[in-house]
Amino acid sequence: MGTSLFLSFIGSLIICMALIPALTAVAWRLQFVDVPRERHGHDTPVAKIGGIAFAIATFVAVLLWAPKDQLILSSLLGGAIIVLFGIWDDRVGLKPGMKFIGQILAAATVIGLASVRLTTLPFMGETLLPFWVASAITLLVIVGMTNAVNLADGLDGLAGGMSLISFTGIAYLAYQANEPLLVLLMVSVLGALLGFLRFNSYPARIFMGDAGSQFLGHYLAVAAILLTDSTRTLYSPLLVLFIWGMPLLDTIGVMGRRLLEGRSPFVGDRNHIHHKLLGIGLTHGQAVSVIYLIHGMMVGCAYVLRWQSETVLITVYLAFAVAILSMFARWPHRNAPVEGSTGTAGAVCSANPPSLLSIGEWSLKALQLAVPLYLIASVAMPKEIPGDAGVIAAGLLVAVIGSMVLSRGTA
């Protein structure tokens, strides 16, 4: 399995990075590009083929190195359905009803063919849900998370980076639970996402499009359900709340506000958390870093609290959710342009109190210091290193060195 993990990671990384230039050229010929609009943070058209690239890379890696059982093939079919509807949406702009049809079809495929479903609920012990109840709840969960990641795709590298953190958390928890198949599914998408983020980090040269954001949300929902399946692991279903982290909280906050104001929850606005951070004067990079930090803390909580009681899990999550949502709700909404969109971002920043600006600056500095220190300290933590982990580490080292070489070559 160690060799398969290594090959699936490196394979999906290389495939994604190879596909992006070719698909970008085709996108410009077909005008498959994202045109700037009021809520968009760019002022020139950008090819939106990133999602197609990392979805294909993930599919190929899984098909090459994962067992060809019903779970794998049915899950890939569900993913393919969501990607195809996403491409259609990126091309012509589908109405919400048609989007939901695609999301429901994709979810129904993995529920019906792969038997992916929430069999128990928190505080129910070992009591199993009736088949139709479990299927209906699972359908709502998958469709909901598909839209949550789609809504979170508002800044360069944001949705992709948060998904990367969540998939990493799932991979490690699956490894701890001795679920090698789920680890392989996660490693495949992690490699593809790293290849995509090479082109999507600020300032982005490509976007993932709805095909990519819906695929990530769908894949993340299915993976989290598999991780907490009572027939596979002993993890509580409540852990998924921490794994879904900021996309879920942002969706709850935004849609709740729209409903309270008597507006449709499906009509977009500039009240997302990343808009609030930009509105108080943070730069694009600082806003993304702050969200990464909060999201990473939530995914980390999933690991730290994995064996705690469900009472503890729900208490900690609600405390976290109330703190985050109330903090952002108090910040006045400003229709500030996203940095780089009009050239007036500097005026917006200067109009905000220095204390608010320092939040982003110190958050970014803390993140830049904490991550390397944690990585250095973690080297000495394990008493022994399993063979599979050693192979994965070697693959990551190769990827990092290759990325550095590519960065210098394109500088």
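Key figures for this structure:
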item: Placed amide H near L128: partners under 5 Å, 5+ positions off or other chain; result: none
item: The range 1-28 and the range 184-247: distance between their alpha carbon centers, rounded to Å; result: 17 Å
item: Pairwise label distance in nanometres, L260 with S326, each label 7 Å out on the Cα-Cβ vector; result: 1.2 nm
item: Phi-based couplings in Hz for the range 112-120 (Karplus 6.51, -1.76, 1.60; Gly and Pro marked x); result: x, 8, 9, 6, 8, 7, 7, 8, 9
item: Under-5 Å amide H pairs with D34, H placed in peptide plane, nonlocal only; result: V46, A47, K48
item: Sorted peptide list for 218-224, 29-35, criterion being average Cβ within 10 angstrom, highest first; result: 218-224, 29-35
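Bear in mind that the values in this text are calculations on the coordinates, not laboratory data. Just so you know, these numbers come straight off a predicted model, no measurement behind them. A quick note on method: Cβ atoms are made from the backbone with ideal geometry, for glycine too, and the neighbour counts reach across all protein chains shown.
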